[in-house]
Amino acid sequence: MQLPEDQYHKAEFPKNQIVLHHTASGPSAEGVINYWKSDKDRIATAFVIDGDGDIYQAFSSKYYAAHLGVSASAIKALGFADYGKRCDLLHKASIGIEICNWGGLTKDAKGRWVSYAGAVIKDCDIEFYPNGFRGYHAYQKYSPAILAATKELLLYLCDKYGISKEYKIGDFSVSKRAIGGENGIFTHTNYRPASDKQDLHPQPELIEMLKNLK
């Protein structure tokens, strides 16, 4: 399911990063891509993995769109003074992957799990963080099917573009390695502060998969 050409930048640029996101919405990859089609902003990722682990490609991985939203304050805090140029380069050099996942969950007055947008979630495997993670104590788990699909796609892209499989995500916090443009695999949390984004959450099975890519 392809995005129209005016929804991404059809310009080739060497790739040295892969960035993992989750949608904080339902399991439909088509719904995500149709949402991107609904506005004129070129905000998207090249790939979307749906709730069953099926991989959708929105546009060729050799092209790019905006997907990071790095703040000027985050870049300055890390000692960089080239906000506009750095944001542009990070988008051009990175490949984004969206995982369909409800993200952080809370319970409503009726004891039901709800998403940040108020959607009631049923039949959802939960990962609990007793000390919390970025404002939530509960998240929808990344399923075995999603983790397998993510691994398959990461291996393919790393081999295709010469991207490092070494684990560089660290503790899922803002990372100078990521914003500095280091070659590797990162998550959106490596570019955005805790008050802003929660993708991905540090599920043990996810970390194990990422650490064993090599």
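The values are calculated or read from the model by the stated rules, or taken from the named source; none is laboratory data. Owing to the predicted nature of the structure, the values given are computational and were not obtained by experimental measurement. Positions of Cβ are generated from backbone atoms using ideal geometry, with glycine treated the same way; all protein chains shown enter the neighbour counts.
Can we say residue 117 is loosely packed, with under 14 Cβ neighbours inside 10 Å, under 24 Å from residue 54 (Cβ atoms) and not basic (Lys, Arg)? Yes, satisfied. Looking at the range 182-200, is at least one residue closer than 16 Å to residue 96 by Cα, part of a helix (DSSP H, G or I), at pLDDT 95 or above and hydroxyl-bearing (Ser, Thr, Tyr)? For the range 182-200, residues closer than 16 Å to residue 96 by Cα, part of a helix (DSSP H, G or I), at pLDDT 95 or above and hydroxyl-bearing (Ser, Thr, Tyr): present. Would you confirm whether any residue within the range 165-174 is under 13 Å from the mean Cα position of the chain (by Cα), farther than 17 Å from residue 45 by Cα and without any contact (Cβ under 8 Å) to a residue 40 or more places away in the chain? Checked the range 165-174: at least one residue is under 13 Å from the mean Cα position of the chain (by Cα), farther than 17 Å from residue 45 by Cα and without any contact (Cβ under 8 Å) to a residue 40 or more places away in the chain. The residue that is farthest from residue 141 (Cα to Cα), among those in the range 76-102 that are buried (at least 22 other Cβ atoms within 10 Å of the Cβ) and touching an Asp or Glu at 6+ places or on another chain (Cβ under 9 Å), is 98. Of the residues making up the range 22-47, those that are within 18 Å of residue 119 (Cβ to Cβ) and touching a residue at least 12 places away in the same chain (Cβ under 8 Å) are 22, 23, 24, 25, 26, 27, 28, 29, 30, 32. Do we find that residue 139 is free of Cβ contacts under 8 Å to residues at least 12 places away in the same chain and either of a type in the set (Val, Ile, Thr) or closer than 23 Å to residue 100 by Cβ (or both) in this structure? So residue 139 does not fit the description; no. All of 142, 161, 156, 136 fail the test of being of a type outside the set (A, V, I, L, M) and in contact with a helix residue (DSSP H, G or I) (Cβ under 8 Å, 6 or more places away or on another chain), apart from 142.
Could you check the range 6-71 for strands (runs of 3 or more DSSP E) lying wholly inside it with 1 or more residues that are surrounded by fewer than 17 Cβ atoms within 10 Å (Cβ to Cβ) and within 15 Å of the chain's Cα centre (by Cα)? Let's see the steps before the verdict.
On the way: elements: 17-22, 47-49, 55-57.
So the answer is 55-57.
Out of the range 137-178, which residues are among the aromatic types (Phe, Trp, Tyr), surrounded by fewer than 17 Cβ atoms within 10 Å (Cβ to Cβ) and within 14 Å of residue 200 (Cβ to Cβ)?
Looking only at the range 137-178, we keep the residues that are among the aromatic types (Phe, Trp, Tyr), and these are 139, 142, 156, 161, 167, 172.
Retained after the next criterion (residues that are surrounded by fewer than 17 Cβ atoms within 10 Å (Cβ to Cβ)): 156, 167.
Correct list: 167 only.
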